[in-house]
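Notes to accompany the following structure.
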Amino acid sequence: MKRRVAGELTLSFVPDSEQRLWRTVPRTKYQLHGNRVQLQNRLEALLEEAHVKLSSLVSDLLGVSARRMLPAMAESECDPAALATRAHFGLRATPAALSDALGACRELHPVYRRLIKMALADVQRLDQEIAQLNQEMADLLRAHEDQVRRLAEVPGVGVDSAQPIIAEVGATAASFPSQGNLASWMGACPGDNQSAGVNRSRRSPKGNRHLRRILNQAANAAVRMKGSIFAILYRRYVGSMGHQQTIGIIAHRLCRLIWKILHQGVRYEERGPSLSQRSSQKRVERMTRQLRRLGYHIEMPNPATLPA
């Protein structure tokens, strides 16, 4: 009690019931994405066992081309050339190379075909559940559409990351009085493990692993956006600190920026070299399509207001 009165103890952040519901949906979605990746790996192992070398030519077994060829294979199509014609025109592999990789389909055992069909059915079920969770999250945050859109404007964040960020910190980040408080709670700051005046470790605290994962992913995406301030910071630090530590720095910057956007109601302004109007407009159009797909009412901004 004395330590509490002296201000030496800090109460933990416990969100209300509404925000706990917000958190449940994206965390469940993340688990489903993990299940989908595991299913994709099992499907690849199954094809390799059946001597179908499709993964050597198709980068994504659940992509457009593979999703056209695999169902036909599961439905007893035995001609490799006929299967190769189903590939998307943008696939770099030639029809001859595809036919060679699919040569084992001529003698593919029916059990393998049934197992492939079962795996594809499981993938379809997971995709439907993920789409349903996307819509559930959009409905839950309908009243905070403006916050979602302002966060989605940040390089590397986008709509898919903006919603779980709000779910973790709240619609206005009201529980965190400063940027530093949020960064410390997330675990995006150096540690301070001191004993007898000696710093034992500067390792970052564990923090909120869900938010830290989202911001690390956003940081990796942000540094690849040419002309953004995050790309400049990455080039400045990566030579001396390496990729991992530099991404941690970018995630820390993103965390502080998120607090300003949610807590102070500001919009993101690019401080790096001016992006081309074409690239900026394409990004805005892509974000707008994602928001409209989720049922948000979005007006397209005037192209004259985009960065030149």
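The values are calculated or read from the model by the stated rules, or taken from the named source; none is laboratory data. Quantities reported herein were computed from a predicted structural model and do not represent experimental measurements. Positions of Cβ are backbone-derived with ideal geometry, glycine not excepted, and every protein chain shown enters the neighbour counts.
Some observations on this one:
- The lone exception for VAL111 - which of (1) in contact (Cβ under 8 Å) with a residue 60 or more places away in the chain; (2) over 30 Å from GLY295 (Cα atoms) it fails: (1)
- Count of the range 225-273 residues which are under 18 Å from the mean Cα position of the chain (by Cα) and either among the hydroxyl-bearing types (Ser, Thr, Tyr) or farther than 13 Å from VAL154 by Cα (or both): 4
To keep it simple, each residue is scored yes or no on (1) polar (S, T, N, Q); (2) under 15 Å from ARG106 (Cβ atoms).
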position	(1), (2)
LEU39	no, no
LEU43	no, no
LEU46	no, no
HIS51	no, yes
LEU57	no, no
LEU62	no, no
SER65	yes, no
ARG68	no, no
GLU77	no, yes
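- Within the set ARG202, ARG212, the sole residue that is at pLDDT 90 or above and surrounded by fewer than 22 Cβ atoms within 10 Å (Cβ to Cβ) turns out to be ARG212.
- Unique match (being aliphatic (A, V, I, L, M) and either buried (at least 20 other Cβ atoms within 10 Å of the Cβ) or touching a residue at least 60 places away in the same chain (Cβ under 8 Å) (or both)) among ALA119, ALA97: ALA119
- Of the residues making up the range 142-154, not a single one is part of a loop (DSSP other than H, G, I, E, B), touching a helix residue (DSSP H, G or I) at 6+ places or on another chain (Cβ under 6 Å) and assigned by TED's automatic domain parsing to the domain that holds ALA231.
- The range 260-284 residues that are in the same structural domain as ILE166 (by TED's automatic domain parsing) and farther than 18 Å from LEU233 by Cβ, paired with ones that are modelled with pLDDT under 65 and in a helix (DSSP H, G or I) (beta carbon under 8 Å, 6 or more apart): GLN277/PRO303; GLN281/PRO303
- Sole residue being on the phi < 0 side of the Ramachandran plot, surrounded by fewer than 16 Cβ atoms within 10 Å (Cβ to Cβ) and not assigned by TED's automatic domain parsing to the domain that holds SER65, chosen from PRO164, PRO177: PRO177
- Residue list for the range 64-82, restricted to those being more than 32 Å from the chain's Cα centre (by Cα) and part of a helix (DSSP H, G or I): PRO80, ALA81, ALA82
Residue-by-condition table, conditions (1) of a type in the set (A, V, I, L, M, F, W, C); (2) modelled with pLDDT under 90:
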| position | (1), (2) |
| --- | --- |
| MET73 | yes, no |
| SER76 | no, yes |
| ALA81 | yes, no |
| ALA96 | yes, no |
| SER99 | no, no |
| LYS117 | no, no |
| LEU120 | yes, no |
| LEU126 | yes, no |
| GLU145 | no, no |
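- Taking the criterion of being small (Gly, Ala, Ser) and surrounded by 19 or more Cβ atoms within 10 Å (Cβ to Cβ), the residues of the range 73-94 that qualify are ALA74, ALA84, ALA87.
- Any chance GLY227 is in the same structural domain as VAL157 (by TED's automatic domain parsing), farther than 30 Å from VAL14 by Cβ and without any contact (Cβ under 8 Å) to a residue 60 or more places away in the chain: yes
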